[in-house]
Amino acid sequence: MRRLKKILSQYLRERWMSYLWVLLLYFSGYILGALGPGALDAGQKQQLTLLVDHFWQNLSSLDVDRGRYFWSLVLEQGRSLFLLFLGGLFVLTLPLVWVVVFLRGFALGFTAAFLTAEKAAAGAVLALVALLPQNLFFLPMYWAAAVSSQRFALYWLKSRLGRRQGDGRDVLLAYFLVFLLYGGLLFLGALTETYFTPVLMKQIWRLLN
């Protein structure tokens with residue numbers, strides 16, 4: 001346990017600036033996303049409200065093909081994770097990493113704010129149970145992947161400028177392997193959203209109705 005704490009402490013000490021930048025981007029997106037519902041016109045807001053109302057009213061009887069839903073989640077989240085991987089391979093594509101992080105924050109902020117604004121306390125509870133469980137896996141995955149992408153791109157730049165020595169193939173292999181670990185978090189998040197979150201939402205729906 002002590003060794004694990006030491007490794008984690010060293011990991012954060014070496015990367016805290018990168019994490020600070022990633023979190024700044026993410027929460028900037030979240031705040032702007034939270035302001036997004038106020039920018040919708042009446043027609044757009046009505047359409048979204050109708051979708052939320054239909055979902056809420058039919059939640060208790062909602063039945064989906066969980067296998068298909070799971071793999072659609074894996075593909076959706078996997079595309080974003082692949083963009084983070086790709087963004088770190090070249091310095092010129094590094095801004096792609098920042099865009100992905102910002103947009104993830106924007107989407108989450110918009111969803112949470114819209115549900116809360118339209119359904120008040122019930123909407124806040126719905127946003128919490130619908131978004132929190134899977135994002136306990138997805139958010140650390142995105143943040144850590146973005147940090148890895150940044151560090152790899154900067155390593156590649158320094159090696160090209162002759163400021164960093166070492167076998168680039170080993171670093172590239174490590175970069176690939178660490179993204180496989182992030183893929184494990186992706187699968188855990190998708191499993192949670194597919195099999196745990198719907199059950200939790202139905203329980204909350206029964207309590208609120």
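Since every read-out is calculated from the coordinates, none of them should be taken as a lab result. Please read all numbers here as calculations on a predicted model, not as lab measurements.
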* To do: Measure nothing but the geometry: give the 0 to 90° angle between the long axis through the Cα atoms of 168-191 and the longest principal axis through the Cα atoms of the chain, rounded to 10°.
  => 10
* Proximal lysine pairs, the chain, alpha carbons under 28 Å, eight or more residues apart or interchain -> 4
* the chain: relative contact order in percent, alpha carbon pairs under 8 Å with at least 6 residues between -> 32
* Structure fact -> Nearest 10, in degrees from 0 to 90: the angle of helix 94-160 to the longest Cα principal axis of the chain is 10
* Helix 66-89 versus the longest principal axis of the chain: what angle, 0 to 90°, nearest 10, using Cα atoms? -> 30
* Please report how far the C-alpha centroid of the stretch 105-129 lies from that of the stretch 16-87, rounded to the nearest whole angstrom. => 11
